[in-house]
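The values are calculated or read from the model by the stated rules, or taken from the named source; none is laboratory data. Just so we're clear, the structure is a prediction, and the values are computed from it rather than from any experiment. Virtual Cβ from ideal backbone geometry, glycine too; neighbours counted across all protein chains shown. Heavy atoms of the whole protein, side chains included, go into the accessibility calculation; ligands, DNA and RNA do not. Shrake-Rupley method; radii C 1.70, N 1.55, O 1.52, S 1.80 Å.
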Amino acid sequence: MQRIGIIGAGAWGTALAVAARRAGRDVVIWAHEPDVAATINATRRNSTYLPDVHLDCCIRATTDLAAVTACDAVLLVTPAQHLRPTLKAVAPLWRPGVPAVLCCKGIEQGTDCMMTEVAEAELPGQPIAVLSGPTFAIEVARGLPTAVTLACSDKALGEALVQALGAQTFRPYLSSDLVGAEIGGAVKNVLAIACGIVEGRGYGDNARAALITRGLAEMTRLALAKGGRAETLMGLSGMGDLILTASSVQSRNYSLGLHLGQGRALADILAERKAVTEGVWSAGAVVDMASRLGIEMPISAAVDAVLNRGQPLDDAITDLLSRPFKLETR
């Protein structure tokens with residue numbers, strides 16, 4: 001696996017390109033915007049999404065999907081809601097046996113499909129892996145120590161991907177639980193919005209710790225119902241990713257919740273952003289999935305009610321705080 005293709009030249013895709021190059025791989029990164037690809041090749045920087053990071057000359061940007069699918073493995077780093085149309089476009093070019101590594105975190109609106117389910121539908125029979133965990137793009141790009149989960153049902157393929165992408169400061173831990181890794185990555189974005197709201201409202205660290213802990217219980221229930229394993233949610237792609245995303249303004253989801261808690265309108269916050277805030281789009285799908293499975297997820301439901309169903313923020317908070325007392329482990 002010497003040649004790594006990356007579809008998606010946002011901050012995370014660019015950071016993964018830097019990490020793969022640091023691991024000694026040749027990298028081709030596909031950009032949706034032609035000016036982003038041109039700028040990367042001309043200046044060795046992604047000035048739109050990750051401007052402060054120099055890109056090695058062995059990282060080549062392109063707008064040609066065929067150049068990416070000619071690689072030995074392809075990392076899919078599009079926004080979650082754009083994954084299906086992207087795969088439809090690239091499917092005719094996909095070579096048999098080339099692994100698709102899903103690096104986007106979310107649940108598809110309308111279908112409530114996980115990203116693996118989308119990939120299985122659009123790339124039938126192709127090997128699939130999931131890369132997830134506590135990662136801020138800028139820290140990965142700068143070579144700061146980072147650990148992630150790489151989930152793959154084929155152990156040999158998973159080990160090959162770990163060797164291809166792993167380096168001293170970018171450390172993939174292998175798992176066979178794709179479902180658990182995916183659910184953790186999707187739900188933590190919704191919970192991070194809730195934690196940002198707590199900060200914006202000035203409710204204190206006790207409340208944020210309670211939300212993180214009870215949110216972890218929510219995501220674990222959902223993962224188990226989908227066939228995942230509880231221990232996965234205690235690892236990097238569950239608890240680790242949640243702690244990171246729900247406690248730092250570097251997180252787009254946490255910072256969005258912070259602004260909501262301070263009284264700003266959702267539309268105004270989103271209008272200022274170039275990058276996608278995945279939790280906004282996944283909240284409704286997470287709650288719909290939980291409802292179909294008979295899973296109670298009150299924090300996620302409150303976030304969805306505020307973002308998508310017009311419930312006033314103070315009413316959603318009152319509803320949460322008025323819930324009956326219950327056993328912690330149920």
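Here are the numbers:
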item: For D26, solvent-accessible area (1.4 Å; no DNA, RNA or ligand), Å²; result: 60 Å²
item: Length gained when the stretch L313-S248 is fully extended (0.36 nm per residue, less Cα-Cα span); result: 21.3 nm
item: Whole-Hz couplings from phi, Karplus 6.51/-1.76/1.60, listed for the range 181-190; x for Gly and Pro; result: 5, 5, 4, x, x, 7, 6, 4, 5, 5
item: Candidates V90, V287, V28, ranked by Gaussian network fluctuation over the chain, Cα under 10 Å, top entry; result: V90
item: Computed E for Q262/S153 - FRET, C-beta separation, R0 51 angstrom, nearest 0.05; result: 0.70
item: Exposure rank, largest accessible area first [V27, V162; 1.4 Å]; result: V162, V27
item: Heavy atoms of H82 accessible to a 1.4 Å probe, total area in Å² rounded to 10; result: 100 Å²
item: Per-residue HN-Hα couplings for the range 199-215 [Karplus 6.51, -1.76, 1.60; θ = phi - 60°; Hz; x = Gly/Pro]; result: 5, x, 7, x, 7, x, 6, 4, 5, 5, 4, 5, 5, 4, 5, 5, x
item: Residues whose placed amide H lies under 5 Å from that of Y173, excluding near-sequence neighbours; result: V148, T149, L150
item: For D64, solvent-accessible area (1.4 Å; no DNA, RNA or ligand), Å²; result: 80 Å²
item: Cα gyration tensor shape of the range 17-107, rounded if a/c is under 1.5, else prolate or oblate by comparing a/b with b/c; result: prolate
item: Linear extension gain, T111 paired with D26, 0.36 nm per residue minus alpha-carbon span; result: 27.0 nm
item: Amide H contacts under 5 Å for R60, placed H, 5+ residues apart; result: V27, V28, I29
item: Protein-only accessible surface order, largest first, of V179, V249 at 1.4 Å; result: V249, V179
item: Centre separation in Å (Cα based) which lies between the range 220-269 and the range 1-75; result: 27 Å
item: Too-long pairs where the Cα-Cα distance tops 22 Å, listed order kept, from K105/K274; K188/K226; K226/K274; result: K226/K274
item: Point-to-point label distance, K326-E33, nm (Cα→Cβ direction, 7 Å offset); result: 4.4 nm
item: Long-range HN-HN contacts of L75 with modeled amide H, under 5 Å; result: G5, I6, I7, V101
item: Accessible area in the full protein assembly, largest first, 1.4 Å probe, for D177, D35; result: D35, D177
item: For the chain: accessible area per residue (Å², 1.4 Å); result: 42 Å²
item: Net dipole in debye of the range 135-255 [+1 Lys, Arg Cβ; -1 Asp, Glu Cβ; about Cα centre; nearest 20]; result: 200 debye
item: In sequence order, calculated HN-Hα J values of the range 121-131 (Karplus, 6.51, -1.76, 1.60; Hz; x Gly/Pro); result: 6, 8, 10, x, x, 8, x, 10, 9, 10, 10
item: Selected from D72, D319, D112 as most flexible by GNM, with the chain as the system and alpha-carbon contacts under 10 Å; result: D319
item: Residue-averaged 222 nm ellipticity for the chain, from DSSP H runs of 4+ at -39500 (n - 2.57), nearest 500; result: -15000 deg cm²/dmol
item: Estimated inter-spin distance, Q2 and D56, nm [label 7 Å along Cα→Cβ]; result: 1.4 nm
